[in-house]
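The values are calculated or read from the model by the stated rules, or taken from the named source; none is laboratory data. The structure presented is a predicted model; accordingly, all values stated were derived computationally and were not measured. Cβ coordinates were reconstructed from backbone atoms using ideal geometry, including for glycine residues, and neighbour counts include every protein chain displayed. The protein model used for the area step is the full one, side chains on, heavy atoms only, and it has no ligands, DNA or RNA in it. Shrake-Rupley method; radii C 1.70, N 1.55, O 1.52, S 1.80 Å.
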Amino acid sequence: MKRIAGVSLLWMLLGLSSLALFILLSQHQSMAFFSQTQNHWRTLKQDYWQRYSLLECLAEEAARLWLSKEKWQTSLFQQACQKDDFEITSEVNDDESVVEFGVKSVGKVLKRRFSVWPITGVGVIVSNADLRLSGNISLVADAYRQRVEQTNSTCVAIRYSGTLHYSSDRSSDRLKVARPNSAGPYPEYVAKDCYQTSDTTTNNFAEDVVEDSELDAFYYAFGVRKTDADFTLLRRDFYPLILAKGEDCQSALSTIQASKVWIQGSCHIDSDLTLPDLNTLVIEGGVMAITAPFTMGGQFIHLTKDLLSHQILEGWQSLSMRATPQQVVSLNTVFYSSARFTANSGYYWDGKGHQVQASELYMTEFYVEKGLNRRPLLMSWVAGSLYEE
């Protein structure tokens, strides 16, 4: 009887041991499966966020390069964002106002759309050279695409660093800024009041005159930071003129059938000149004098950042102005106007430490996208456009 009981106890112990072993193996398999599942989801999560970060990289790089429609499909901007095992795609609509980027890996594509537009609210006079304005200055304001609460203003007329001074010599002189007209500074602009628009005969400016200590006039004029490589590429988009004498400038501009002109040297406009199809005029490395009415269709950009004092003096001496340079301008003056000068896509001066003496600046409208030159891009997520295929 005792023998039978011992055998039964043995079988029971074997059964319990087998059950314990089965439970242990099951737990191990469960842990292994759980670990594999956890690693799988961790990998998928890491892959998702890598694709998400690449979408942000693509938007930033595309905005930096300001690509034309035919270049959205190229690898120019993709090189800075490309990673192994990730495939990048892009599609842009007909008017280039929306672009959709996609990043593919492990058989899935993460896509998101971005709205695209040039920066607005910069100003219609942008200068890091010292500004001395006088006479009648009539401007049409630039406007933010949405109200900027911290400035309590939707409009900007002048953005500057350095100094700004306005003087009125006649009772009729004033610096006046008009609100954006019906065309607006950008296509979808809805007419609305500007806040604190300047209208003054003194230096009592309103909030649409903005002092910006970090101002990069070159960046706002061209949409890129100033590097030797970008500078060379920019020039290629323009009709080039190299002038030994500033007096040759007007006749050259009168005969050129080009919408974008880049002049290396000085320039003097001394008789009436109207060039409605001239959308961008760049003066580099020289002085500029306007002593007769001059009207152009778009942007005026003056680059004098690296100009030395003796080169400035030589520039003025090359112009046959009635008054000598010493009587008209100071030693660091690079721009002088005494007659009406109209540039309806804005005035840009990149010449820190130099001086601009401008009188009779006059605008009838302001529309940032009329100039063939380009401002920096803003790209923002389109709400609800992030999805995975």
Checklist entry - Sorted by packing (mean other beta-carbon atoms within 10 Å per residue), highest first, where do 162-170, 49-57 land? => result 49-57, 162-170
Checklist outcome for this item: For the pair Glu207 and Asp277, the simple spin-label estimate (label points 7 Å beyond Cα toward Cβ) gives in nm 4.4
Checklist entry - Per 10 Å bin from zero, what fraction in whole % of the C-alpha pairs of segment 256-316 is there, up to the bin with the longest pair? => result 22, 52, 24, 2
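With a 1.4 Å probe and every protein chain left in place, work out the accessible area per residue of segment 239-320 in Å², rounded to a whole number. Display every interim value, and only then the final one.
Values: 3350 Å² over 82 residues.
Each residue of segment 239-320 exposes 41 Å² on average to a 1.4 Å probe.
Looking at this model, which pairs from Lys176/Lys260; Lys260/Lys305; Lys226/Lys352 are more than 24 angstrom apart at the alpha-carbon? Each step should come with its number before you reach the end.
Numbers: Lys176/Lys260 29 Å; Lys260/Lys305 21 Å; Lys226/Lys352 14 Å.
Exceeds cut-off: Lys176/Lys260.
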Checklist outcome for this item: Note: Thr227 to Lys104 extended length (0.36 nm per residue) minus current alpha-carbon separation gives 41.0 nm
Checklist entry - Sorted by accessible area (1.4 Å probe), largest first, how do Thr274, Thr304 line up? => result Thr274, Thr304
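Once R0 is set to 30 Å, what does the formula 1/(1 + (r/R0)^6) return for the Cβ-Cβ distance between Ser309 and Tyr239, expressed as a FRET efficiency to the nearest 0.05?
0.50
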Next on the checklist: If I model a spin label at Glu61 and Thr364 as a point 7 Å from the Cα along the Cα→Cβ vector, what separation in nanometres do I get?
Outcome noted: 4.4
